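Have a look at the structure below before the remarks.
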Amino acid sequence: VANAINEHKFPLILGGDHSIGAGSLAGLLSVRPNMGVIWVDAHADINTPELSESGNMHGMPVGLLMNGISDTDPSTIPGFEWLGQPDMIHARLDPSSVVYIGLRDVDTAERNILREKRIKAFT
């Protein structure tokens with residue numbers, strides 16, 4: 001993703017798994033830290049290890065990379081050590097830079113984050 005952007009190409013990323021979301025989002029943010037994200041999903045995926053009801057990582061790709069919602073360094077989570085690499089350490093999303101489309105199944109903690117951070121959502 002970062003290579004495509006550096007080559008002045010537009011990376012359109014379509015996927016259905018948290019690993020695609022986390023990796024793609026981190027790659028984009030590593031090159032364009034002020035970019036905007038349109039997250040089209042039934043789920044907000046903004047959980048964190050502290051807030052998740054299930055503990056499943058599939059609900060955390062946005063939450064792990066968003067500034068100001070978790071005290072956990074995502075690079076300390078098994079499988080996400082790569083987020084501690086020099087080119088990824090600042091790959092974090094500002095809450096004002098994301099908008100959701102299609103939300104319909106959102107955990108209570110996620111709803112609170114969306115409200116507190118005033119993140120736009122269209123359902």
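The values are calculated or read from the model by the stated rules, or taken from the named source; none is laboratory data. Predicted, not measured: the structure shown is a model, and the values here were computed from it. Ideal geometry is used to build each Cβ from the backbone, glycine not excepted, and the neighbour counts take in all protein chains shown. The protein model used for the area step is the full one, side chains on, heavy atoms only, and it has no ligands, DNA or RNA in it. Shrake-Rupley method; radii C 1.70, N 1.55, O 1.52, S 1.80 Å.
Yes or no, residue by residue, for (1) out of contact with any helix residue (DSSP H, G or I) (no Cβ under 8 Å at 6 or more places or on another chain); (2) more than 25 Å from residue 115 (Cβ to Cβ):
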| residue | (1), (2) |
| --- | --- |
| 1 | no, yes |
| 25 | no, no |
| 38 | yes, no |
| 46 | no, no |
| 55 | yes, no |
| 61 | no, no |
| 74 | no, no |
| 79 | no, yes |
Total residues in the stretch 12-30, condition farther than 25 Å from residue 106 by Cβ and open to solvent by less than 30 Å² (accessible area, probe 1.4 Å):
1
Need the failing condition index for residue 20 against (1) farther than 16 Å from residue 101 by Cα; (2) part of a helix (DSSP H, G or I); (3) touching a strand residue (DSSP E or B) at 6+ places or on another chain (Cβ under 9 Å), just the number.
(3)
Matching entry among 46, 38 (being open to solvent by 50 Å² or more (accessible area, probe 1.4 Å) and closer than 11 Å to residue 98 by Cβ)
38
Just the residues that are open to solvent by 80 Å² or more (accessible area, probe 1.4 Å), more than 15 Å from the chain's Cα centre (by Cα) and either among the polar types (S, T, N, Q) or under 20 Å from residue 36 (Cβ atoms) (or both), please, taken from the stretch 89-114.
108
Residue check for residue 42: modelled with pLDDT of 90 or more, aliphatic (A, V, I, L, M), over 12 Å from the mean Cα position of the chain (by Cα) and over 23 Å from residue 121 (Cα atoms)
no
Failed condition for residue 82, given (1) in contact with a strand residue (DSSP E or B) (Cβ under 6 Å, 6 or more places away or on another chain); (2) open to solvent by 20 Å² or more (accessible area, probe 1.4 Å); (3) within 16 Å of residue 23 (Cβ to Cβ); (4) among the hydrophobic types (A, V, I, L, M, F, W, C):
(1)
